[in-house]
């Protein structure tokens, strides 16, 4: 990787950190306090939330007919999702220590906190929690897959792909055969060092 590309990547990383800081400041204006897994709102905000909540019976009257038809299909996905969750977690627990790959923290991806929102009724909370689990699980699995790929085959694709994970930009260029194995070993060492530094912060 040449110096110009490295500089641009550093600038992108700095801008991402700045964006996260601004977003956190904006979210702080919503008057909620997060302590561990507990989220609390100021009393006035919570009371305002309760006032706009749709009751369960009113909610059922407004549901589109097609939603009732697809709901059994959507919720039946919990079985393959739970099985998938078990297998990716087992895979990471058994294989990552052998290769000295840092494990992805499940708690950083599967975040269930919509039940604290008073403007959602019990059905809406259940829907939101299910969506949070499914989306978080897929992000968790993607991170496990990404860490596996960066260890075994950190090579970019010839075609452009959307939504690449953070380390993809450091992968070797497609067709770059010069000292391939040496570069892969260096990337492994760099990723391990980066993980070690991030844990010590």
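The values are calculated or read from the model by the stated rules, or taken from the named source; none is laboratory data. This one's a predicted model, so the numbers in the text were calculated from it and none came from an experiment. Counting neighbours? That spans all protein chains shown, and the Cβs are built from the backbone with ideal geometry, glycine included.
Kindly evaluate residue 33 against the criterion of being surrounded by 10 or more Cβ atoms within 10 Å (Cβ to Cβ), modelled with pLDDT of 85 or more and either within 22 Å of the chain's Cα centre (by Cα) or farther than 30 Å from residue 186 by Cβ (or both).
No: the conditions fail for residue 33.
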### Message
With the structure loaded, tell me whether residue 161 is closer than 25 Å to residue 15 by Cα and either in contact with a helix residue (DSSP H, G or I) (Cβ under 9 Å, 6 or more places away or on another chain) or not in a helix (DSSP H, G or I) (or both) or whether it fails that test.
### Response
yes
### Task
Check the stretch 123-142 and report whether any residue there is touching a residue at least 24 places away in the same chain (Cβ under 8 Å), under 30 Å from residue 51 (Cα atoms) and more than 22 Å from the chain's Cα centre (by Cα).
yes
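Would you please name the residue that is surrounded by the most Cβ atoms within 10 Å (Cβ to Cβ), looking only at residues in the stretch 90-100 that are touching a helix residue (DSSP H, G or I) at 6+ places or on another chain (Cβ under 9 Å) and part of a helix (DSSP H, G or I)?
Narrowing the stretch 90-100 to residues touching a helix residue (DSSP H, G or I) at 6+ places or on another chain (Cβ under 9 Å): 91-92, 95-96, 99-100.
With part of a helix (DSSP H, G or I) added as a condition, the list becomes 91-92, 95-96, 99.
On the way: 91: 14, 92: 21, 95: 14, 96: 17, 99: 11.
Here the residue is 92.
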### Message
Just to be sure I understand the filter: pairs with C-beta atoms under 8 Å, separated by 6 or more residues or on different chains, first member in the stretch 85-106 and in contact (Cβ under 8 Å) with a residue 12 or more places away in the chain and at negative phi, second member in a helix (DSSP H, G or I) and exposed (fewer than 10 other Cβ atoms within 10 Å of the Cβ). Which pairs pass?
### Response
102/199
#### Entry: Where a residue in the stretch 174-201 is within 13 Å of residue 154 (Cα to Cα) and its partner, wherever it lies, is at pLDDT 80 or above and exposed (fewer than 10 other Cβ atoms within 10 Å of the Cβ), with Cβ under 8 Å and at least six apart
174/158; 175/158
### Task
Might you check whether a residue that is over 30 Å from residue 194 (Cα atoms), part of a helix (DSSP H, G or I), at pLDDT 70 or above and over 25 Å from the mean Cα position of the chain (by Cα) occurs anywhere in the stretch 75-89?
no
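On the given criteria, is residue 163 loosely packed, with under 15 Cβ neighbours inside 10 Å and over 20 Å from the mean Cα position of the chain (by Cα)?
In short, no.
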### Task
Would you check which residues across the stretch 166-183 are more than 21 Å from residue 91 (Cβ to Cβ) and surrounded by 14 or more Cβ atoms within 10 Å (Cβ to Cβ) and list them?
169, 170, 171, 172, 183
#### Entry: Flag if residue 146 is touching a residue at least 24 places away in the same chain (Cβ under 8 Å) and crowded, with 16+ Cβ neighbours inside 10 Å
no
